[in-house]
Each structure stands twice: as structure tokens, then as C-alpha cells.
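The next block holds one structure in the form of C-alpha cells; read it before the comments.
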Amino acid sequence: MQKPTADLSFEIAAQARGFALIAGVDEVGRGPLAGPVTAAAVILDAAHIPEGLADSKTLTVAKREKLYDLILGTAQCCIAHASVEEIDRLNILRASHLAMERAVAGLPIAPDHCLIDGNLIPAQLAGRATAIVKGDAKSLSIAAASIIAKVARDRIMVDLAQQHPGYGWEVNAGYPTKLHHQALLNLGVTPWHRRSFKPIHKMLYQEKTVTP
């Protein structure tokens with residue numbers, strides 16, 4: 001059975017309710033042990049949808065890079081982040097929502113309605129958004145946002161890998177791979193690691209929590 005592909009059904013349904021400008025919103029980077037969480041908001045031009053647009057997870061690196069340029073060239077886009085410090089202070093869910101809110105606020109044109117990937121709507125977008133579970137596989141606007149956020153964050157992690165070699169961030173984007181865990185043991189924790197995440201917290205504070 002062929003999997004359904006993303007289309008403009010949700011965007012058309014929102015327009016039928018009277019909303020003219022629809023933004024797709026997605027984030028990437030909830031799971032990594034290091035680096036920011038990144039979100040993107042995208043208002044597509046329905047007359048210029050890049051060919052092959054799909055959920056970023058289904059695309060090769062080369063295809064994502066190509067679509068990234070095409071989306072930026074044809075759509076209204078904004079990329080935003082929540083820092084490691086904000087992740088540790090707020091928790092990863094609230095920080096990811098903060099990044100989404102920033103992405104929407106930073107769009108060149110304010111959207112009338114947002115389509116959010118997931119089952120929760122960020123607080124500042126309440127009343128003007130629809131949450132769509134697995135939206136990056138259903139809505140082309142969210143799929144576009146997933147590509148923009150993924151490529152943008154991957155590039156950040158490649159840059160950080162040059163500053164902190166050995167953790168494999170250029171290939172694992174900060175996710176908890178075997179190489180990353182081994183590097184933490186050998187090289188220690190960097191300023192870009194999320195101290196609120198269990199493996200990092202345990203490394204930093206296990207000595208303080210051991211009962212004599």
C-alpha cells in the first residue's frame with residue numbers, strides 16, 4: 001500500500017475558513033544532547049511549489065539541500081532557535097515552542113493561521129493555529145518548514161564540530177550516537193551540551209549525588 005504524500009489539503013481547508021496566508025511550522029533538534037533546537041515557519045507560494053517537496057526525514061542530504069534553496073527562493077521563510085541555556089532553563093518542549101513562536105514572529109508577512117507539526121500548539125500561537133500529528137508527512141507547508149529547520153540546524157552543528165572536534169557532530173548533529181557518548185567520556189562536556197539532559201546531567205553531577 002502506497003503511503004499518502006503531503007499535499008495542500010490542510011492549507012486549502014484553512015483558506016476555506018477565511019484564512020488567506022497559511023504558515024507551516026516545524027522544529028528539529030529535540031532529541032540531541034548538544035546544540036540549539038531550531039524551528040522554521042514557511043508560507044508557500046501555491047503557484048511555485050518546489051518539485052519533490054516532502055517530509056525532510058524521507059529525503060537524502062543532497063535533496064534536502066537543493067529543496068532548501070528552492071524553498072527560500074520561492075516562499076516566505078523564517079528560521080529561529082532556542083539556545084542550550086533556554087533548553088536547560090525551560091525544558092526541551094517549552095524551548096521548542098519558543099523557537100516556533102520566534103519563527104512565526106519573524107516571518108516577513110504575518111500569517112493568518114499556522115499549521116503546527118505535532119499535537120500541541122505553542123502558547124503564543126493559541127487561537128490561530130492547528131496542530132497536526134505527523135504534519136510534516138501530510139502538509140506541504142509543514143514539510144517545507146521541516147526541510148528548512150533540518151538543513152539550518154545541521155549546518156550549525158557542522159560549524160560547532162569544527163570548534164569541538166571528536167564528538168561527530170558533523171554527522172550525528174548532536175544526537176546520542178555511540179561515537180558521541182564515547183567522546184563525552186574521553187573529552188568531557190562542552191558548553192554546547194544540554195546539562196538538563198540525563199546523560200549529561202549524570203556525568204556532571206553523579207559525584208555530588210553519591211551518598212558517602
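The values are calculated or read from the model by the stated rules, or taken from the named source; none is laboratory data. Note that the structure is predicted; figures quoted are calculated from it, not measured. With ligands, DNA and RNA removed, areas are computed over all heavy atoms of the protein, side chains included. Shrake-Rupley method; radii C 1.70, N 1.55, O 1.52, S 1.80 Å.
Observations on the structure shown:
- Degrees between helix 178-187 axis and first principal axis of the chain (Cα, 0 to 90, nearest 10): 40 degrees
- Compared with the alpha-carbon gap, the fully stretched path from Leu179 to Asp7 is longer by 58.1 nm at 0.36 nm per residue.
- Choice from His113, His164, His193 with maximal GNM fluctuation in the chain (Cα, 10 Å cutoff): His164
- Per-residue accessible area (protein heavy atoms, 1.4 Å probe) orders Arg64, Arg30 as Arg30, Arg64, starting from the largest.
- Solvent-accessible area, 1.4 Å probe, carbon plus sulfur percent, for the range 1-87: 58 percent
- Close Lys pairs in the chain (alpha-carbon distance under 17 Å; sequence gap of 8 or more, or different chains): 13.
- Acute angle (nearest 10 degrees) that the helix 61-74 long axis makes with the longest principal axis of the chain, alpha-carbon atoms: 50 degrees
- Rel. contact order, % - alpha carbon contacts under 8 angstrom, at least six apart, the chain: 28 percent
- The shape of the range 1-128 comes out oblate: with a ≥ b ≥ c from the C-alpha gyration tensor, a/c is at least 1.5 while a/b does not beat b/c.
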